[in-house]
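Novice: Here it is: the structure, laid out below.
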Amino acid sequence: MAQLERIPEFTAPAHGVDGVLARMRALGADWPPRDGVAVFNRVYLSVTEEVGRRIDGGTFTDPAAATALDVRFAERYLRAVHAAASGRRPPACWRPLFQYRRHPGVRPLQFALAGINAHIGHDLALALVDTCRTLRCEPADLEDEFDRVGDVLVSLEERIREELMPGPDLLQVADPLTHLAGSWSLERARDGAWASARTLWALRDLPVVAEEFRERLDGAVGLVGRILLTPLPD
């Protein structure tokens, strides 16, 4: 991970969606294509580009709120990257991806799903709470923006699976990759993120309890990520 130590500026807040995109493109330029984090970065870059297009195109009823949520969301991933590059421990939800990023027995689709799992299952809930604090609003006030960002992710999930799955001649119903990929659902992860965000918001005046909930969420999402990254035979 030494190649990332030259980017300390990534710790600073991003300026809008364009700032987030610039950071992700710079990261992608530094990593080998087969690197597991690079695989996720490409997926997330395409998602963020699509969100940016929809914000510019008027899809969101509140573009400023959508931009704030998108940037807070992306910054949690970028901070995890910087922590790993600096020799510090990223959140538990991200650790499996960084630990297994160069494992030859892990397929590209697994890397993509593990990153999406960490980012949706853990980061999205915390990003929503961060955005509510910044905008001084309730989670319900951002439900439309939350749902529309989630819709982008869901719309791209099938394409991601199609692009990263091996050819159909290599797949059988009992194939381990088919089974593993089919055991995780982005829709369910998104629903869980919304429930977690509402819980964290309800606990905002109980910081000790809120922190315990956050840590348990982080650990549980990390466990799912580790399962998704189970090395598979050729």
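The values are calculated or read from the model by the stated rules, or taken from the named source; none is laboratory data. Computed from a predicted structure; not experimentally measured. Note that we place each Cβ from the backbone using ideal geometry, even for glycine, and neighbour counts take in every protein chain shown. To get the accessible areas, we keep the full protein, side chains included, count just its heavy atoms, and leave off ligands, DNA and RNA. Shrake-Rupley method; radii C 1.70, N 1.55, O 1.52, S 1.80 Å.
Novice: Does region 59-82 include one or more residues that are free of Cβ contacts under 8 Å to residues at least 60 places away in the same chain, outside any helix (DSSP H, G or I) and surrounded by fewer than 21 Cβ atoms within 10 Å (Cβ to Cβ)?
Specialist: No, region 59-82 contains no residue that is free of Cβ contacts under 8 Å to residues at least 60 places away in the same chain, outside any helix (DSSP H, G or I) and surrounded by fewer than 21 Cβ atoms within 10 Å (Cβ to Cβ).
Novice: Give me the pairs, please: first residue somewhere in region 148-172 and under 13 Å from residue 108 (Cα atoms), second residue anywhere and at pLDDT 75 or above and surrounded by 13 or more Cβ atoms within 10 Å (Cβ to Cβ), beta-carbon distance under 6 Å, and either six or more positions apart or on two chains.
Specialist: Hits for this filter: 160/43; 160/112; 164/108; 164/109; 164/112; 165/109.
Novice: Counting only residues that are closer than 22 Å to residue 161 by Cα and touching a residue at least 24 places away in the same chain (Cβ under 8 Å), how many does region 20-37 have?
Specialist: Selection size over region 20-37: 6.
Novice: Further, regarding this structure: Here are 179, 122, 103: which of them is farther than 30 Å from residue 61 by Cβ and modelled with pLDDT of 95 or more? Give the derivation first.
Specialist: Details: 179 fails: modelled with pLDDT of 95 or more; 122 fails: farther than 30 Å from residue 61 by Cβ.
Sole residue among the options that is farther than 30 Å from residue 61 by Cβ and modelled with pLDDT of 95 or more: 103.
Novice: Something else: Restricting to region 204-217, and then to whatever is over 19 Å from residue 93 (Cβ atoms) and without any contact (Cβ under 8 Å) to a residue 40 or more places away in the chain, can you tell me which residue is least open to solvent (accessible area, probe 1.4 Å)?
Specialist: So the first thing to find is which residues in region 204-217 are over 19 Å from residue 93 (Cβ atoms), and the list is 204-209.
Adding the requirement that they be without any contact (Cβ under 8 Å) to a residue 40 or more places away in the chain leaves 205-209.
On the way: 205: 127, 206: 92, 207: 91, 208: 118, 209: 70 Å².
Step by step, filter region 204-217, then rank; the result is 209.
Novice: Of the numbered conditions (1) of a type outside the set (Ser, Thr, Tyr); (2) in a helix (DSSP H, G or I); (3) surrounded by 23 or more Cβ atoms within 10 Å (Cβ to Cβ); (4) under 16 Å from the mean Cα position of the chain (by Cα), residue 93 fails exactly one; give the number of that condition.
Specialist: The failed condition is (2).
Novice: Does residue 137 satisfy being under 18 Å from residue 204 (Cβ atoms) and not in a helix (DSSP H, G or I)?
Specialist: Against the criterion (under 18 Å from residue 204 (Cβ atoms) and not in a helix (DSSP H, G or I)), residue 137 qualifies.
Novice: If only one of 123, 130 is assigned to a helix (DSSP H, G or I), in contact with a Phe, Trp or Tyr (Cβ under 8 Å, 6 or more places away or on another chain) and among the acidic types (Asp, Glu), which one is it? Break it down stepwise before answering.
Specialist: Working: 130 fails: in contact with a Phe, Trp or Tyr (Cβ under 8 Å, 6 or more places away or on another chain).
Answer to the check: 123.
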